[in-house]
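Enquirer: My questions will all concern the structure given below.
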Amino acid sequence: IGLGSTVGTTPIISVDENKDVAIPDGSLTITVDDNSDNLTLTSTDADSNSGPNLRLYRNSGSPADSDTLGVIEFEGRNDNSQDVIYAAIDSRIVDASDGTEDGRIEIVAALAGTDSTSRILMNSTEAVVNDDSADLDFRVESNGNANMLVVDGGEDMVFIGHNAKIEFDAFGTEIMMQLESAGTAPYAGFGMVQNSNDTDGAPL
């Protein structure tokens, strides 16, 4: 299927003998007017290998460090009829050198009008939650406790079971741990404080 007065000169959609469909120079938009699936990938293979498979392939002639490999965007409108990217998954090359290839993937989400606040980042050296240092809490639930482990982004504190608080100061010279009772002041604890003489201070 093509354009132009001469057949085959400007292909728009092509189907080959292997039933592969290609759109050589353009994009594909699939529109529905209800809540049905826009795109379904089905594999009828019965072996133990993966399938169906979705491949995002950047076939660059000059791959380089920091190249974006693919982006999945979750976009919608706000109450002012403006298009907003509310969340996205981004993947990039860290090291394109043969034999030492490194990659990264990042999940971002809108926060207070900014559409690319990092939530989870995984690269060649670390996995980071809240790499953009936003005022966001990190919470881990156990089977019976919704706050088994909490990192309070605004208070710069770590809570265990929401009863024990661990605090580290900005320079790494003070460590404090205290137990708290709901609605009351701390009632027990211990601490280690490093003073200017490089010795341990008295327990709190």
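Enquirer: Given the conditions (1) touching a strand residue (DSSP E or B) at 6+ places or on another chain (Cβ under 6 Å); (2) of a type in the set (G, A, S); (3) at pLDDT below 90; (4) part of a loop (DSSP other than H, G, I, E, B), which single one is not true for S124?
Expert: Every listed condition holds for S124 apart from (3).
Enquirer: Going through segment 112-126 one residue at a time, which ones are under 27 Å from V84 (Cα atoms) and either over 14 Å from the mean Cα position of the chain (by Cα) or open to solvent by 60 Å² or more (accessible area, probe 1.4 Å) (or both)?
Expert: A112, G113, T114, D115, S116, R119, I120, M122
Enquirer: If I go through segment 78-93 residue by residue, how many of them are over 11 Å from D115 (Cβ atoms) and in contact with an Asp or Glu (Cβ under 6 Å, 6 or more places away or on another chain)?
Expert: Qualifying residue count, segment 78-93: 2.
Enquirer: Now for a separate question. Are any of the residues in segment 154-166 at pLDDT 85 or above, more than 20 Å from the chain's Cα centre (by Cα) and open to solvent by less than 70 Å² (accessible area, probe 1.4 Å)?
Expert: Within segment 154-166, one or more residues are at pLDDT 85 or above, more than 20 Å from the chain's Cα centre (by Cα) and open to solvent by less than 70 Å² (accessible area, probe 1.4 Å).
Enquirer: Of all the residues that make up segment 49-70, how many are touching a residue at least 24 places away in the same chain (Cβ under 8 Å) and more than 19 Å from the chain's Cα centre (by Cα)?
Expert: Total meeting the criteria: 3.
Enquirer: Tell me, which residue of segment 71-110 that is free of Cβ contacts under 8 Å to residues at least 12 places away in the same chain and outside any loop (DSSP other than H, G, I, E, B) is most open to solvent (accessible area, probe 1.4 Å)?
Expert: Selected residue: R77.
Enquirer: What's the number of the only condition in (1) modelled with pLDDT of 95 or more; (2) under 24 Å from R58 (Cα atoms); (3) small (G, A, S) that S116 fails to meet?
Expert: Tallying (1) modelled with pLDDT of 95 or more; (2) under 24 Å from R58 (Cα atoms); (3) small (G, A, S), S116 fails exactly one: (1).
Enquirer: Can you tell me which residues in segment 1-23 are open to solvent by less than 80 Å² (accessible area, probe 1.4 Å) and either among the basic types (K, R) or in contact with a Leu (Cβ under 7 Å, 6 or more places away or on another chain) (or both)?
Expert: T10, I12
Enquirer: Please enumerate the residues belonging to segment 24-48 that are surrounded by 10 or more Cβ atoms within 10 Å (Cβ to Cβ) and under 30 Å from the mean Cα position of the chain (by Cα).
Expert: Listed by number, the list holds a single entry, S43.
The values are calculated or read from the model by the stated rules, or taken from the named source; none is laboratory data. The structure presented is a predicted model; accordingly, all values stated were derived computationally and were not measured. Note that each Cβ is placed from the backbone with ideal geometry, even for glycine, and that neighbours are counted across all protein chains shown. The protein model used for the area step is the full one, side chains on, heavy atoms only, and it has no ligands, DNA or RNA in it. Shrake-Rupley method; radii C 1.70, N 1.55, O 1.52, S 1.80 Å.
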